[in-house]
Amino acid sequence: MASQAPQASRVLVAANRGPLSYSLAEDGTLTARRGGGGLVSGLSAALARQPEALWICAALSDADREAVRRGVAEPGVRMLDIDPAVYDDAYNGIANSVLWFTHHHLYDVPREPVFDAEFRRRWDSYTAYNQAFAEALAQEAAEGASVLVQDYHLALVPGALRALRPDLRIAHFTHTPWASPEYLGMLPDDVRGQLVWGMLGADVVGFHTGAWADAFRAGAGPALSPTSRTEVAVFPLGVDGDDLRALAHRPEVDAKLAELRAEVGDRKAIVRVDRTELSKNILRGLLAYRELLTTRPEWRGRVVHLASAYPSRQDLEVYRRYTESVRTLADDINTEFGTPDWQPVLVSVKDDFTRSLAAYRLADVALVNPVRDGMNLVAKEIPVVSEQGCALVLSTGAGAYGELREDALTVNPYDVTATAQALHEALSMPSPERAERTKRLAAAATALPPSAWFEAQLAALTA
């Protein structure tokens, strides 16, 4: 058994990104800053209630790596200084360029994927990156400790950790969808085998929805036999309603809301907030809005589409091209339909959480139309903070579809005409109906907030 740290931890989280990051001043001073986002906040709050808890993550920046080298440490956090070239291969070369595309069914199949010698080199880096996490967890975990491993970046960790520390209780949660057997079958046989082996090292494998859990079972095949120690479970992550409402009513959000109201005027607002991620389907959403204005001219001048599309993974060329396509299409719609006193699309490609919260409060309609998404918390967040109530147009590809479909207007994410019609229905929905739907959507959205989501996994692991 691997040696343990003098003060071994009873509960450990492993994730690519940690709860904090460092900045390095010109004089060499290091400053730690807590991370944002509901998941980080929820996990941090849950871990704070656990004795001797530890979060193990990768050092993502030069400042993070410098902090590791200097021995700077925040309580409850251990950063791993992984060689930057190995990390880039593992994170960009495999996790985001292969596993993400596989699980989200994003390949342009006549051209992709290509599994060649360069892929094999990167896969070796992914294996080494996962092994580094497994060894750190083995070193830090107390006898019989609970380890919760997060996401597709660390799919091999449970198997590697099980080999080092068979006494541990291990969970893995995948925040993305899981690939269908057909897409999983695109991976080389040995790589697919390693992926399944890694996941089945866990006692509990968790997903946001039953659909993704079923896809995992189908892909694992005979390896997930009745005698397997691995339980496949569903934990649908929600939002913390109180925290989100408090964030949405800060003075800086009030100020941004006033700016947006001045731009929108007395028109209705269709709101979407996404990263410019290929799976989010932003282009078809804009095409549907253009078709709405084409086929339902009565909405011209009476509606504004607030589209927040934050740049994502701009170190990958395909994402840079996609972001530029979003800008171009928004400009085309404004050119085609805009008038001196009406701009049909107000698009923002800056990462501006304050603007997003203000747009949530202003939303009459929320458009969430991913082609394939693990959950999509935006579909849950907007109904929680929308001031007048909002109609939710939701695609069947969102993980949130299973929980929210009864009170949403649901669409095939590829059907632009049906999405345009759903937008018309949403804009035309009577206020009392919209308010009642919003109330039920918000109740479903807050059923399992991040801290309860974490505690549910921990309970399943220790049952």
With unit charges on the beta carbons (Lys and Arg positive, Asp and Glu negative) and the dipole taken about the Cα centre of the range 328-385, which residue among Val345, Met375, Tyr360 sits farthest to the positive side? Met375
Quick check: from the Cα gyration tensor, does the range 410-463 come out rounded (a/c under 1.5), prolate or oblate? oblate
For Asp167 the rounded accessible area (nearest 10 Å², probe 1.4 Å, non-protein molecules ignored) is 40 Å²
Below 8 Å between Cα atoms, with a sequence gap of 6+, how large is the relative contact order for the chain in percent? 15 percent
Expressed as a fraction of 2.2 N^0.38 Å, the rule-of-thumb size for a compact globular protein of N residues, what is the C-alpha radius of gyration of the chain? 1.00
Can you tell me the Rg and Dmax of the range 282-410, counting just the alpha carbons, in angstroms? 14.8, 42
Could you list, in their original order, any pairs among Lys280/Lys439; Lys268/Lys380; Lys380/Lys439; Lys256/Lys350 whose Cα atoms are separated by more than 22 Å? Lys280/Lys439
To the nearest 20 Debye, how big is the dipole of the chain about its Cα centre, given +1 on the beta carbon of each Lys and Arg and -1 on that of each Asp and Glu? 580 debye
Can you work out the FRET efficiency for the pair Thr227 and Ala48, with r the C-beta to C-beta distance and R0 = 35 Å, to the nearest 0.05? 0.40
Once the Cβ-Cβ distance between Glu263 and Arg327 is put in as r, and R0 is 22 Å, what FRET efficiency do you end up with, to the nearest 0.05? 0.75
Dipole moment magnitude, nearest 20 debye, the range 183-281 about Cα centre, only Lys, Arg, Asp, Glu C-beta charged: 260 debye
Please report, in debye to the nearest 20, how large the charge dipole of the range 274-359 is about its Cα centre when each Lys and Arg carries +1 at its beta carbon and each Asp and Glu carries -1 there. 160 debye
Tally Lys and Arg at +1 and Asp and Glu at -1 over the other residues with C-beta under 15 Å from the C-beta of Ala202: what net charge comes out? +1
In the range 77-123, how does Rg compare with the Kirkwood Rh, expressed as the Rg/Rh ratio over alpha carbon atoms? 1.08
To the nearest 0.05, how large is the calculated FRET efficiency for Glu406 and Asp242 if R₀ is 25 Å and r is the Cβ-Cβ distance? 0.55
Lys/Arg +1, Asp/Glu -1 at C-beta; the range 166-297 dipole; positive extreme among Ile282, Gly219, Gly265: Gly265
If you stretched the chain out fully between His249 and Arg111, how much longer would it get, using 0.36 nm times the residue separation minus the C-alpha to C-alpha distance? 44.9 nm
When every protein chain stays in place and a 1.4 Å probe is rolled, Leu287, Leu293 sorted by accessible area with the largest first are Leu287, Leu293
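The values are calculated or read from the model by the stated rules, or taken from the named source; none is laboratory data. Values in this document were obtained by computation on a predicted structure and should not be read as measured data. No Cβ is skipped: glycine too gets one built from the backbone with ideal geometry, and neighbour counts run over all protein chains shown. Surface areas here come from the heavy atoms of the whole protein model, side chains and all, with no ligands, DNA or RNA. Shrake-Rupley method; radii C 1.70, N 1.55, O 1.52, S 1.80 Å.
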